[in-house]
Amino acid sequence: MVVLNDIESVTEALVKRKAEFANRPNLPSLDKLSNGRKNIVFANYTPAWKLHRKIAGKALSTELNDPEFQDFIKKDKKFTELIGKGFVEDMFPIMYKIWTTQKYRKITEIFDVIAERYRKKLEEHKKSFDRDYIRDFTDALILARQEAEDEEDKEVLSELTDLHLVNTISDIFGAGIDTSRVTMYFAVHYMAGLPEIQAKVHEEIDRVVGKNRLPGVKDRENLSYTEATLHEVMRLGTAVPVGVPHSTLCDTTVGGYDVPENTMVMINHWALHHDPNYWKDVDTFDPTRFLNEEGKLSMKPESWLPFSAGRRVCLGESVAKPELHLMFASIMQRFKISLPEGTSPEILIGGGGAAIQPAPFKIIVKERK
Ligand code: HEM
């Protein structure tokens with residue numbers, strides 16, 4: 001296995017040699033939790049994956065308010081927690097054909113229940129589908145696939161089955177939900193321990209948005225300090241510390257080293273965000289790192305890469321950023337958060353899986369008048 005710990009090697013692999021590092025490793029758990037690589041996150045780098053990603057991206061960009069979907073995604077937070085801690089079965093692939101651990105059985109059980117529920121939902125939706133009335137995320141997915149029929153290679157499209165669409169839901173579960181949730185935990189925890197920074201966020205929101213309406217997506221460009229604070233939360237509290245494993249498609253190189261085909265490659269996002277060569281006073285929480293002299297958001301610092309890069313860059317980046325901003329700005333507009341007296345502001349990591357989260361913490365929440 002190769003672990004890339006600085007932005008030079010990560011850029012070389014993910015940007016310069018993007019296709020060569022775009023595969024996923026051959027692990028039994030990834031096979032099982034994608035019904036044989038028929039999802040986006042664990043699928044190999046193939047034309048079918050590309051099309052699946054395009055269709056899901058289109059469906060994600062449809063504006064929706066789907067309460068059933070929201071209930072659905074709450075069902076089991078355990079899923080991502082279990083997945084992130086890895087499986088013994090992946091170390092000894094032969095073993096899982098004879099005997100599996102309780103943890104592996106638990107996660108595959110959850111996965112099967114989710115997949116079956118969503119398969120039924122997809123069937124129902126196909127029967128009542130009306131392209132002029134898109135009710136929810138499932139309709140948006142069906143529409144995106146129909147639209148692809150006019151534009152895409154028929155042979156590739158025929159590889160994209162209903163099961164692929166069903167697995168899009170596990171992608172959203174696995175990759176999209178917990179990442180945003182834990183980022184908000186970090187944001188709340190940092191604000192509780194940093195009253196001066198919080199006061200600046202409050203001041204900006206009061207000035208730009210006021211108190212008589214909620215912050216909207218359009219306010220984001222004028223809430224530079226608030227956005228920079230969130231960027232700093234995502235730097236120090238890197239929610240996905242080692243990303244999703246990549247694998248090499250062919251013999252290649254990185255940093256002057258030979259890397260054979262089928263080598264597992266991890267991207268250490270945490271190391272990039274804590275690299276003292278790129279970040280002054282690396283452990284200090286300082287949103288101004290992300291601002292220019294006019295106080296506006298400056299170009300993204302090179303070694304800030306929470307959503308990764310290249311062919312496998314996070315599909316949800318453009319959804320997650322405004323969504324996190326709206327949640328954070330809305331909480332800050334209405335509440336002042338602090339720590340109970342005598343509590344240390346230090347943030348300890350207390351579990352999580354593919355996405356890490358702070359250990360349970362107590363805060364005091366006061367409504368702002
Ligand atoms: C704070 C929020 C989020 C963070 C920090 C985050 C981070 C990441 C990272 C590091 C990867 C791995 C990229 C790689 O393999 O190099 C990833 C992949 C992915 N993310 Fe996110 N993510 C977030 C939110 C979301 C959301 C909201 C969605 C969907 C609604 C989403 C969907 C995906 C998908 C589908 C992939 C797999 C892409 C592929 O393999 O082609 N993510 N994300």
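The values are calculated or read from the model by the stated rules, or taken from the named source; none is laboratory data. It should be emphasised that the depicted structure is a prediction, and the values quoted were computed from it without experimental measurement. Here Cβ is always computed from backbone atoms with ideal geometry, including for glycine, and neighbour counts include all displayed protein chains.
Within the bounds of the range 31-51, is there any residue that is in contact with a helix residue (DSSP H, G or I) (Cβ under 6 Å, 6 or more places away or on another chain), among the aliphatic types (A, V, I, L, M) and modelled with pLDDT under 85? For the range 31-51, residues in contact with a helix residue (DSSP H, G or I) (Cβ under 6 Å, 6 or more places away or on another chain), among the aliphatic types (A, V, I, L, M) and modelled with pLDDT under 85: present. When the range 18-58 is filtered for residues that are closer than 11 Å to N167 by Cα and either in contact with a Cys (Cβ under 9 Å, 6 or more places away or on another chain) or of a type in the set (A, V, I, L, M) (or both), the ones remaining, listed by number, are L33, I40, V41, A43, A56.
Within the range 332-360, the set of residues being within 16 Å of the ligand (Cβ to nearest atom) and surrounded by 18 or more Cβ atoms within 10 Å (Cβ to Cβ) comprises G352, G353, A354, A355, I356, Q357, P358.
Only one residue in R135, R220, R145, R131 is crowded, with 17+ Cβ neighbours inside 10 Å and more than 30 Å from F285 (Cβ to Cβ), so which one is that? Selected residue: R145, the only one of R135, R220, R145, R131 that is crowded, with 17+ Cβ neighbours inside 10 Å and more than 30 Å from F285 (Cβ to Cβ). If the condition is being surrounded by 14 or more Cβ atoms within 10 Å (Cβ to Cβ) and either among the charged types (D, E, K, R) or closer than 28 Å to M1 by Cβ (or both), then the range 283-302 contributes D286, R289, K296, P301.
Here is a list: V254, V244, V265. Which entry is surrounded by 17 or more Cβ atoms within 10 Å (Cβ to Cβ), at pLDDT below 95 and within 30 Å of S29 (Cβ to Cβ)? Result: V244 is the single residue among V254, V244, V265 that is surrounded by 17 or more Cβ atoms within 10 Å (Cβ to Cβ), at pLDDT below 95 and within 30 Å of S29 (Cβ to Cβ).
The test for being among the charged types (D, E, K, R), near the ligand (Cβ under 10 Å from one of its atoms) and in contact (Cβ under 8 Å) with a residue 60 or more places away in the chain does not hold for D275. Return yes when I205 is within 16 Å of the ligand (Cβ to nearest atom), surrounded by 14 or more Cβ atoms within 10 Å (Cβ to Cβ), touching a residue at least 60 places away in the same chain (Cβ under 8 Å) and in a helix (DSSP H, G or I) and no when it is not. No. Among helices (runs of 4 or more DSSP H) entirely within the range 154-197, having at least 1 residues that are of a type in the set (G, A, S), free of Cβ contacts under 8 Å to residues at least 24 places away in the same chain and surrounded by fewer than 21 Cβ atoms within 10 Å (Cβ to Cβ) singles out 154-159.
Of all residues in the range 1-59, those satisfying the criterion of being part of a helix (DSSP H, G or I), among the acidic types (D, E) and touching a Gly at 6+ places or on another chain (Cβ under 9 Å) are E8, E12. The residues on offer are A148, A175, and the sole one that is modelled with pLDDT under 85 and under 23 Å from R37 (Cβ atoms) is A175. Taking residues in the range 245-257 that are charged (D, E, K, R), and partners anywhere that are assigned to a strand (DSSP E or B) and more than 14 Å from the ligand (Cβ to nearest atom), the pairs with Cβ atoms closer than 8 Å and at least 6 places apart or on different chains are D251/D258; D251/V259.
Determine whether V240 is part of a loop (DSSP other than H, G, I, E, B) and either within 12 Å of the ligand (Cβ to nearest atom) or of a type in the set (F, W, Y) (or both). Spelling it out, V240 is indeed part of a loop (DSSP other than H, G, I, E, B) and either within 12 Å of the ligand (Cβ to nearest atom) or of a type in the set (F, W, Y) (or both).
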